[in-house]
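Take a look at the structure below.
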Amino acid sequence: MRLVFAAISGALFGTGLLVSGMVDTAKVRGWLDFFGAWDPTLAFVMGGAILPMALAWMMTRSRRPALGGSFPAAPEQKLGRNLILGSVMFGMGWGLSGLCPGPALAASTFNGLGGLVFIAAMALGMWAAPHLRARLSTPTPAE
Amino acid sequence: MPQDWILGLLGGGLIGCAGALYLLVNGRIMGASGIVGGLIDGSAGAQARERLAFLAGLIGLPALIVLVTGAPDTHLTGNFAVLIGAGLLVGLGTRLANGCTSGHGVCGISRLSLRGIVATCIYIGAGAVSVVLFRHLLGVI
């Protein structure tokens, strides 16, 4: 049952990315192009997604997940260097390609060879991240 | 185009419902980079099958829809050096920051997580700098 609902969630997510136009790298880069031909579509997508999601978070207060287990713990408040450095790196790559992980995967069957090359490089980066994290945390134990 | 924002809201609503379903039924946060990254670095553990099912839906349904409607033009660059560099940055960055547009953006902001809000401001800012740098100054993209 968990697998069925995970697949349904993934399918809804992918369809949303397709319908909203977020698989189109021109639209994503257009959103980031504040000093060029700015495209506000991404703000509508974010707004449309945050609304049902906020309702869902409210509903987590008085119940448990339908298939058992427990809801994710309250978010950490500490920001930390990894969050900032990682988000800067992610943003640079996002602006460069117009792709983030969700749309890259949703469009993987119709993005040609380039889309697969991006996913391969992203997978390599994801594999390397724990090693970079370990390296970043060893020299300066402060934080 | 005026219909872009309508499709954006509609698609965004579907994304939000997907995240709400994954949270309320499976009890998990729908973050694309976390779901994939955990499979790659082995931290997914017992959740691996659930995550693979999610990915099958994420890749499978758009593939089927596109079979019927025809593939949209995604305007992806043909410059492989750009794609490789960007892919590495996105992969490393999202895992270091523990989230991307779906995890920090959609799921984080909607629960008013400080980390989600700060991360989203930073990656949008860095993305804007990236577009200025690589499009307007260097003309690479």
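At a glance:
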| quantity | calculated |
| --- | --- |
| Tally of residues being among the hydrophobic types (A, V, I, L, M, F, W, C), within 7 Å of chain A (Cβ to nearest Cβ) and either under 17 Å from A:Gly47 (Cα atoms) or in contact with a Leu (Cβ under 7 Å, 6 or more places away or on another chain) (or both) across region B:115-141 | 7 |
| So B:Ile29, is it within 25 Å of A:Met59 (Cα to Cα), more than 7 Å from every other protein chain (Cβ to nearest Cβ), buried (at least 17 other Cβ atoms within 10 Å of the Cβ) and of a type in the set (A, V, I, L, M) | no |
| Unmet criterion (only one of (1) touching a helix residue (DSSP H, G or I) at 6+ places or on another chain (Cβ under 8 Å); (2) more than 30 Å from A:Trp57 (Cβ to Cβ); (3) at pLDDT 95 or above; (4) surrounded by fewer than 24 Cβ atoms within 10 Å (Cβ to Cβ)) for B:Arg135 | (3) |
| Flag for B:Ile15 being modelled with pLDDT of 95 or more, more than 8 Å from every other protein chain (Cβ to nearest Cβ) and within 18 Å of A:Ala11 (Cβ to Cβ) | no |
| Per-region count, region B:64-99, residues among the small types (Gly, Ala, Ser), part of a helix (DSSP H, G or I) and either touching a residue at least 12 places away in the same chain (Cβ under 8 Å) or within 7 Å of chain A (Cβ to nearest Cβ) (or both) | 5 |
| Filtered residues of region B:100-114 (kept if surrounded by fewer than 22 Cβ atoms within 10 Å (Cβ to Cβ) and facing chain A (nearest Cβ under 7 Å)) | B:Ile109, B:Arg111, B:Ser113, B:Leu114 |
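Each row is one residue, and each column tells you yes or no for (1) surrounded by fewer than 22 Cβ atoms within 10 Å (Cβ to Cβ); (2) without any contact (Cβ under 8 Å) to a residue 40 or more places away in the chain; (3) more than 7 Å from every other protein chain (Cβ to nearest Cβ); (4) farther than 22 Å from B:Tyr123 by Cα.
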| site | (1), (2), (3), (4) |
| --- | --- |
| A:Met1 | yes, no, yes, yes |
| A:Ala6 | no, yes, no, yes |
| A:Gly10 | no, yes, no, yes |
| A:Gly14 | no, no, no, no |
| A:Gly21 | no, yes, no, no |
| A:Thr41 | no, yes, no, no |
| A:Val45 | no, yes, no, no |
| A:Met53 | no, yes, no, no |
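The values are calculated or read from the model by the stated rules, or taken from the named source; none is laboratory data. Since the structure is predicted, the reported quantities are computational estimates derived from the model, not experimental observations. Glycine gets a Cβ as well: all are built from the backbone with ideal geometry, and neighbour counts include every protein chain shown.
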